[in-house]
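Chemist: Following this message is one structure expressed as structure tokens.
The values are calculated or read from the model by the stated rules, or taken from the named source; none is laboratory data. Predicted, not measured: the structure shown is a model, and the values here were computed from it. Don't worry about glycine lacking a Cβ; one is built from the backbone with ideal geometry, like all the others, and counts go over all protein chains shown. Calculation scope for accessible area: heavy atoms of the full protein, side chains included, ligands and nucleic acids excluded. Shrake-Rupley method; radii C 1.70, N 1.55, O 1.52, S 1.80 Å.
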Amino acid sequence: MTKLPDFSSLAVTPRNHFRLLFFAAAIQLAARLETGADGTAAPTAFLQRYLDEAGASGLDMLALAGLASNWLANCQAWAGDAELPLNRLIRAAALSPAALMALFMAGLPEEDSRFGDLYAELQGGAREPSPGLLAALAEADVADSRASIAANNLADNMADACADSADTQIRQLLDIGLLQTLNPETARGNWRLRVPAVLWDALSGSAGKLPVGLRHTPAWAAPRLDQLALPDSLQSGLEILPALLRSGAAGTLILRGPHHNGRATLLRALAGEMSLGTLEIMPALLFDGVLAQIGLLASLLGALPLFRPEPAPGEAWRLPELPGWDGPVGVVLGRQGGIQGPGAERALTLRLPWPDEWARRQLWLAHLPELHGAALADALRLRLTSGRLVAAASLTRLQAALAGHDTPTAADLQAACRNLGSEALEPMAQPVRVDGDWRHLVLPAHVVEELRALVARCRHRERLREMAGAAIRDGLSAGVRALFKGASGTGKTLAAGVLAAELGLPLYRVDLAAVVNKYIGETEKNLARLFDRAEELDVILLFDEGDALLAKRTEVTSAHDRYANLETNYLLQRLEGYQGIVLIATNLGENIDSAFLRRMDLVVEFPRPESEARLAIWTLHLPERHRVEADFLREAAQRCVLAGGQIRNAALHAGLLALEAGGELTRRQLEAAIRREYRKSGAVCPLRSSPAEARP
């Protein structure tokens, strides 16, 4: 009987488990290397050191073979049912002792490059074992294969030495991804096999450096459920959820909700309740070859796989099979798309709602306790998702430090919100500088009244439900939609800026060229991304020249008409469910589809300014110091029927002429600028002065 070292003094740790199995493979390899005529083992010097460390020095070949088998059995008895990476893998992938031996035999060069040198010598150059060599080395019965593994003809006969049982084990390891082929284009007998580096690291009990797109959160780092700011309706149901997932009654948990709203955090907390970490798989990796190893890696790390697909409207993402993982799976989704495939029929869906004012107060006070008074009131009106709110709190503190404030102010908060998540929106929308106030809006009183009503609607958009009757309360959302109609230059964009400044919210003008796409379905995808990002950041979206998207649907006479109408229908549905503030400005109100008009909370018409309004606009746009007579300004306001935008252009050009002349702005320069504005529009200037008199 071969005496085994006593493992009882070793701590039951992932690293010790790995090292014992590594020694089992090294002993098995030594048993296979018969080089002496009398059948005794003569291992290389480096391999002899492993045998000496294992206490197997001087044993003959048959004793070594028996030692390897008994060593493996003794190691597994020592490990028992402990929560070790290799134990989890053995259970999840149903690995036999032979498969485990083949796995470690293939991984020997990963730990010590001299094993690669030895394999290269045995098979004529390749440092990674072929299927035949691996089967011959891992086969348990030495006597059956001794003839085919003689030193002189091992390379020629290794394929014949591959017993059916060993070959089956290697196929299993290849099928589930524990072994990978480095040269799959060649004949199977010439394949070079290795254990993927990320899995070998995990086998040894170290997560190592995970591929880009994977993120591991261990169970000890998961938040507790009672630490999360969740609504009572959701909190009560979460108590039994870990037991349902652990039992297998629910194989897949889908968490829907806005981006950056704590969906992944909640899944981490639920996994922690099951003593599991999480292995998050980012969208870019869902199409990568690493996906085949996710189940194995999850078992080794003791982590629930957490997928983050981003299906477009109407798409169903296929949940992949995960060889090597036998536990539940988490999926984070937005409002659109679904899942299909294995596990979809046992999927449980939870919806994580937008944080209400109570939840937002808890988060603000937890992450920015210095906020109080008016600044806190402004912060509570921001309908940010929980993740964006935490980021905004950090940015607000930085803004206050830059400004030299000990206590963050409302201005610091607004500056932080302007910078918050801009990278997510700027590919499809550009930030608009927000300045000015009500004094800069020269509009009829009834239009200003409508704009002030719009500000009030935006300010109380969440609490309006409290004042609504039962018939409309349930269908009332926090979204606000307004249409600004009027000729070009009548102040629609300026009004949008004043509205944003009054509410303290960033304003983004949508780039229609970046949103509208000639390929079928791409416009809807772009709109979905745009609305989702704007919603979670609580910014005001401005669709300038919105009639390009909101045009009336036409009779279908071609495929182009059909898909154009589909885009319009999608925009109608998305606007109706949008939880943010959206402004649509158009010069062609008559071209807007009536279905859009019905969905607008407010429609504000911007008329062309009358003479008194034009005089006020001239006064606002000219510099404080100028030499233009009041009588001429009054005449220009009465005779020249210009819109506010045209007056702005004329005032700027007159100022340019004054700078070029090196003096204050004069009547002649202003008159020249007015005449230039009329020439641009192809109309005749009604001023009585001649062009010669108006020359600067």
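Chemist: Looking at the range 96-126 only, could you name the residues that are in a loop (DSSP other than H, G, I, E, B) and touching a residue at least 24 places away in the same chain (Cβ under 8 Å)?
Modeler: The answer is S96, D112, G124, A126.
Chemist: Find the residue count for the range 93-103, including only residues that are over 16 Å from P131 (Cβ atoms) and surrounded by 20 or more Cβ atoms within 10 Å (Cβ to Cβ).
Modeler: Count: 3.
Chemist: Are any of the residues in the range 505-521 within 18 Å of R457 (Cβ to Cβ) and open to solvent by 10 Å² or more (accessible area, probe 1.4 Å)?
Modeler: Yes: one or more hits.
Chemist: Please go through the range 413-433 and give me each residue that is open to solvent by less than 50 Å² (accessible area, probe 1.4 Å) and under 13 Å from P506 (Cα atoms), ordered by number.
Modeler: Across the range 413-433, the qualifying residues are L413, A415, A416, C417, L420, G421, S422, L425, A429, V432.
Chemist: Could you run through the range 660-686 and say how many residues are open to solvent by 80 Å² or more (accessible area, probe 1.4 Å) and farther than 19 Å from E629 by Cα?
Modeler: 5
Chemist: Report every pair of residues separated by at least 6 positions or lying on different chains whose Cβ atoms are under 9 Å apart, first residue within the range 427-440 and under 30 Å from A528 (Cα atoms), second surrounded by 15 or more Cβ atoms within 10 Å (Cβ to Cβ) and of a type in the set (F, W, Y).
Modeler: From residues that are under 30 Å from A528 (Cα atoms), the pairs are M428/Y508; A429/Y508; Q430/Y508; P431/Y508; V432/Y508.
Chemist: With E462, E450, E426 as the choices, which residue is acidic (D, E) and under 15 Å from L541 (Cα atoms)? Full working, then the answer.
Modeler: On the way: E462 fails: under 15 Å from L541 (Cα atoms); E450 fails: under 15 Å from L541 (Cα atoms).
Being acidic (D, E) and under 15 Å from L541 (Cα atoms) holds for just one of E462, E450, E426, which is E426.
This table checks each residue for (1) surrounded by fewer than 14 Cβ atoms within 10 Å (Cβ to Cβ); (2) over 56 Å from the mean Cα position of the chain (by Cα); (3) at pLDDT below 90.
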| residue | (1), (2), (3) |
| --- | --- |
| A613 | no, no, yes |
| L642 | no, no, yes |
| A651 | no, no, no |
| A694 | no, yes, yes |
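Chemist: Go through the range 340-376 and count every residue that is assigned to a loop (DSSP other than H, G, I, E, B) and either basic (K, R) or farther than 25 Å from R256 by Cβ (or both).
Modeler: 5
Chemist: Which of the strands (runs of 3 or more DSSP E) found entirely inside the range 230-318 contain at least 3 residues meeting this: open to solvent by less than 30 Å² (accessible area, probe 1.4 Å)?
Modeler: Numbers: elements: 252-256, 277-281, 303-307, 316-318.
Strands (runs of 3 or more DSSP E) meeting the threshold: 252-256, 277-281, 303-307.
Chemist: Here's something else I'd like to know. Kindly list the number of the only condition in (1) over 24 Å from D532 (Cα atoms); (2) open to solvent by 10 Å² or more (accessible area, probe 1.4 Å) that fails for G213.
Modeler: Going through (1) over 24 Å from D532 (Cα atoms); (2) open to solvent by 10 Å² or more (accessible area, probe 1.4 Å) one by one, G213 breaks only (1).
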